[in-house]
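Asker: Quick one: this structure, given as structure tokens, is what I'll be asking you about.
The values are calculated or read from the model by the stated rules, or taken from the named source; none is laboratory data. On a predicted model such as this, the values are computed, not experimentally measured, just so you know. Cβ coordinates were reconstructed from backbone atoms using ideal geometry, including for glycine residues, and neighbour counts include every protein chain displayed.
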Amino acid sequence: MTTQHVLILGSGAAGAAAARTLATRDDVRVTMVTRTGETPYTRMLIKGIAFGPTPPEMIKLPLPRIEVIADTVLDVDTTAKRVQLTSGAQVSYDALIVATGSVPRSLPAGVLEGDDVGQGRVTALHSLEDAMGIRDLLTSLARPARVTIYGGGIIAAETASSLQADGHMVMLVSRSSVPGIGAFGAPVAERLAADHAAKVQTRFGRTLQHVDETESGVAITLDDDQRIVADLLLVALGTTPAAPSPWTNGIDVDDRLRAAADHVYAAGGVATHHDEALGVWRIDHWEDAAAQGTHAAQAALHDLDISDDPGTYLPRSPYMALVYGQMISGVGYTAGADAQVEAGEEFIVRHETDGTVVGVTGIDAVGTVYQWGQQLHGLQA
């Protein structure tokens with residue numbers, strides 16, 4: 001029996017899920033490349049480290065028994081089917097799954113200045129390192145912190161809620177007049193905006209024009225010349241794909257998560273999807289990344305002629321976030337679709353594209369929202 005070699009780049013949600021799918025097969029050899037010096041961890045749990053008592057070792061991500069190479073990818077030669085690592089090593093493959101995730105979107109060029117840039121007072125909450133830095137800073141102050149959050153999506157909302165509950169002084173600045181409208185749709189975002197305004201200080205429809213980071217704090221100037229002084233500026237402007245060379249801005253995939261190159265697949269935050277149902281889209285949260293990793297592995301097995309066709313990938317995965325004591329939940333694709341509030345006692349919103357329900361969100365309605373998962377993409381509204 002011929003053994004096929006599947007190489008996985010990345011050890012997050014998508015990479016780990018792909019590895020679990022492949023590891024039990026006798027006809028496949030699986031190798032995973034993780035970043036040098038990085039222990040795989042569950043990224044959706046880092047909030048417990050930043051704002052709670054969770055120790056880092058508690059969020060370690062278990063991997064199946066596969067070959068793991070701790071190195072950094074320098075380049076992928078898709079013609080030769082070979083990956084070059086910074087150590088000088090080269091790894092050949094029969095199928096390649098790129099699951100290298102994403103990086104947080106930074107402040108625009110020229111906004112962040114100061115002689116002490118890099119003190120950790122301007123940060124994202126995207127990595128374990130970010131979370132530990134935030135925890136250390138908040139602990140070192142020994143008083144309620146003045147925290148400005150720049151953004152309006154799920155990370156910004158959860159962070160504002162956690163910090164407010166812990167007694168910190170929170171200012172939420174959002175470029176949108178209705179924060180989170182692109183992620184949750186208008187009905188949920190409008191309710192969240194009212195909650196934000198009632199619980200923390202808000203500046204909606206504003207941008208940061210200048211940020212001066214010093215050893216003792218952050219001086220922020222908004223586009224209306226208002227000045228804000230904070231101990232910490234948390235930037236929550238979403239993410240961008242983190243693809244290795246030769247890709248420069250994520251990896252385009254079809255409805256089976258195939259890239260243009262032969263036997264190359266991408267899953268999770270690095271993938272930009274193109275399909276007839278939803279057009280061009282990208283989702284970067286843990287559960288959907290894991291589902292994509294599983295699907296990419298199944299597609300690779302099919303294209304290697306050793307398994308069945310997994311069919312079209314369409315997002316059905318759930319997410320939830322506790323914000324000011326309310327549970328915000330969703331399934332499927334909730335960005336860029338028409339939002340319609342359902343009649344009934346629970347607050348449920350259907351997200352539709354061309355009359356088809358492609359996602360559902362809700363407030364304090366987790367059970368009902370999650371039940372929609374398997375009905376999406378085929379049920380006419």
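Asker: Just checking: which of the strands (runs of 3 or more DSSP E) contained wholly in the range 332-381 hold 1 or more residues that are surrounded by 21 or more Cβ atoms within 10 Å (Cβ to Cβ)?
Answerer: The qualifying strands (runs of 3 or more DSSP E) are 347-353, 356-363.
Asker: Applying the selection to the range 170-195, what residues are in a helix (DSSP H, G or I) and in contact (Cβ under 8 Å) with a residue 60 or more places away in the chain?
Answerer: Result: GLY182, ALA183, PHE184, ALA186, PRO187, VAL188, ARG191, LEU192, ASP195.
Asker: Please indicate, with yes or no, whether at least one residue in the range 162-169 is within 19 Å of the chain's Cα centre (by Cα), at pLDDT 95 or above and part of a helix (DSSP H, G or I).
Answerer: Yes - at least one qualifying residue is present in the range 162-169.
Asker: If you don't mind, another one. Going by what's in this entry, would GLN298 be described as in the same structural domain as ALA14 (by TED's automatic domain parsing), of a type in the set (S, T, N, Q) and under 16 Å from GLY101 (Cα atoms)?
Answerer: Spelling it out, it is not the case that GLN298 is in the same structural domain as ALA14 (by TED's automatic domain parsing), of a type in the set (S, T, N, Q) and under 16 Å from GLY101 (Cα atoms).
Asker: Test ALA16 against the stated conditions and say whether it is in contact with a helix residue (DSSP H, G or I) (Cβ under 9 Å, 6 or more places away or on another chain), under 15 Å from THR100 (Cα atoms) and in the same structural domain as ALA266 (by TED's automatic domain parsing).
Answerer: Spelling it out, ALA16 is indeed in contact with a helix residue (DSSP H, G or I) (Cβ under 9 Å, 6 or more places away or on another chain), under 15 Å from THR100 (Cα atoms) and in the same structural domain as ALA266 (by TED's automatic domain parsing).
Residue-wise test of (1) at pLDDT 95 or above; (2) in a strand (DSSP E or B); (3) buried (at least 20 other Cβ atoms within 10 Å of the Cβ).
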site: THR21; (1), (2), (3): yes, no, yes
site: VAL30; (1), (2), (3): yes, yes, yes
site: GLU38; (1), (2), (3): no, no, no
site: GLU57; (1), (2), (3): no, no, no
site: GLY88; (1), (2), (3): yes, no, no
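Asker: Of all the residues that make up the range 71-82, how many are free of Cβ contacts under 8 Å to residues at least 60 places away in the same chain and surrounded by 13 or more Cβ atoms within 10 Å (Cβ to Cβ)?
Answerer: Number of matching residues: 4.
Asker: If I ask for residues that are crowded, with 20+ Cβ neighbours inside 10 Å and not small (Gly, Ala, Ser), which ones from the range 214-236 would you list?
Answerer: VAL218, ILE220, ASP231, LEU232, LEU233, LEU234, VAL235 - these are the residues of the range 214-236 that are crowded, with 20+ Cβ neighbours inside 10 Å and not small (Gly, Ala, Ser).
Asker: With a cut-off of at least 3 residues that are over 21 Å from THR294 (Cα atoms) and within 20 Å of the chain's Cα centre (by Cα), name the strands (runs of 3 or more DSSP E) lying wholly within the range 219-278. Walk me through how you get there before you give the answer.
Answerer: Numbers: elements: 227-230, 232-236, 239-241, 251-253, 264-266, 271-275.
Of the strands (runs of 3 or more DSSP E) lying wholly inside the range 219-278, those with at least 3 residues that are over 21 Å from THR294 (Cα atoms) and within 20 Å of the chain's Cα centre (by Cα) span 232-236.
Asker: Moving on to the next point. Do we find a residue being in a loop (DSSP other than H, G, I, E, B), surrounded by 22 or more Cβ atoms within 10 Å (Cβ to Cβ) and not assigned by TED's automatic domain parsing to the domain that holds VAL369 anywhere in the range 304-313?
Answerer: The answer is yes; a qualifying residue exists.
Asker: Please go through (1) surrounded by fewer than 18 Cβ atoms within 10 Å (Cβ to Cβ); (2) part of a loop (DSSP other than H, G, I, E, B) for SER11 and return the number of the only condition it doesn't satisfy.
Answerer: Of everything listed in (1) surrounded by fewer than 18 Cβ atoms within 10 Å (Cβ to Cβ); (2) part of a loop (DSSP other than H, G, I, E, B), SER11 misses just condition (1).
Yes or no, residue by residue, for (1) assigned to a loop (DSSP other than H, G, I, E, B); (2) β-branched (Val, Ile, Thr); (3) free of Cβ contacts under 8 Å to residues at least 60 places away in the same chain:
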| site | (1), (2), (3) |
| --- | --- |
| ILE46 | no, yes, no |
| PRO53 | yes, no, yes |
| ILE69 | no, yes, yes |
| GLN84 | no, no, yes |
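Asker: Could you go through the range 114-133 and let me know if any residue there is over 25 Å from ARG20 (Cβ atoms), in contact (Cβ under 8 Å) with a residue 24 or more places away in the chain, part of a strand (DSSP E or B) and out of contact with any Ser or Thr (no Cβ under 9 Å at 6 or more places or on another chain).
Answerer: yes
Asker: Any residue at all in the range 305-321 that is within 18 Å of the chain's Cα centre (by Cα), within 30 Å of ALA50 (Cα to Cα) and among the charged types (D, E, K, R)?
Answerer: Within the range 305-321, one or more residues are within 18 Å of the chain's Cα centre (by Cα), within 30 Å of ALA50 (Cα to Cα) and among the charged types (D, E, K, R).
Asker: Cβ-Cβ below 7 Å, separation at least six or inter-chain, first residue in the range 201-213 and in contact (Cβ under 8 Å) with a residue 40 or more places away in the chain, second among the aromatic types (Phe, Trp, Tyr): which pairs?
Answerer: Going by the 7 Å Cβ cut-off, the qualifying pairs are LEU208/TYR150.
Asker: Quickly run through the range 141-161 and pick out the residues that are within 18 Å of the chain's Cα centre (by Cα) and either in a helix (DSSP H, G or I) or of a type outside the set (Phe, Trp, Tyr) (or both).
Answerer: ILE149, GLY151, GLY152, GLY153, ILE154, ILE155, ALA156, ALA157, GLU158, THR159, ALA160
Asker: Just name the residue that is nearest to the chain's Cα centre (by Cα) out of those in the range 326-353 that are in contact (Cβ under 8 Å) with a residue 12 or more places away in the chain and at positive phi.
Answerer: GLY332
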